[in-house]
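Just below is one structure, and these are the notes that go with it.
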């Protein structure tokens, strides 16, 4: 890891909680990404992470997009970890928040998931991607739970 010359015990402890969800190589990539995200970037992307971590771009891309690890299992472990922490644990006065957002794609009609549909950002129909996210809120804390891409079934106009 070129980004840090030392290791941070709290990050290592967090990573160890998820170790069983990955193969040895996947776990190394997972840990590297977490360390890489600590850096301040104006625009975080795979290229900037790969460069900062001195990792091969294609290998990092493969880990994030095609590697065989179970997202649902990993997310369930993450939520369980959050529920058991004093600062992020669930409480009776908490709220479940479900929200949608849209990303305009006026010049990318053939991008996966893009269709002419209701765009939450504009409040009208537009060519866009839409995502729905859930989070838990308590005492001015927001804990992300899950997010999915909304796939509109209508024919593009």
Over region 91-150, relative contact order from alpha-carbon pairs under 8 Å, at least 6 apart, %: 35
Sites residue 16 and residue 132, calculated FRET efficiency, Cβ-Cβ separation with R0 41 Å, nearest 0.05: 0.85
Packing rank of 17-29, 58-70, where each peptide gets the mean count of other beta carbons within 10 Å, highest leading: 17-29, 58-70
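Just want the ordering: 142, 71, 116, from fewest to most Cβ atoms lying within 10 Å of their own Cβ.
Taking fewest neighbouring Cβ atoms as first place, the list is 71, 142, 116.
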Computed label-point distance, nm, for sites residue 45 and residue 70 using a 7 Å Cα→Cβ extension: 3.4
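Given an 8 Å cut-off on Cα distances and at least 6 residues of separation, report the relative contact order of the chain as a percent.
16
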Taking all pairs of distinct alpha-carbon atoms in the chain, Kirkwood radius in angstrom: 18.3
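Laboratory data are not the source of any read-out in this text; all were calculated from the coordinates shown. In this text the structure is predicted, and so the values were computed from the model without any measurement. For neighbour counting, all protein chains shown are included, and Cβ atoms are generated from backbone atoms with ideal geometry for every residue, glycine included.
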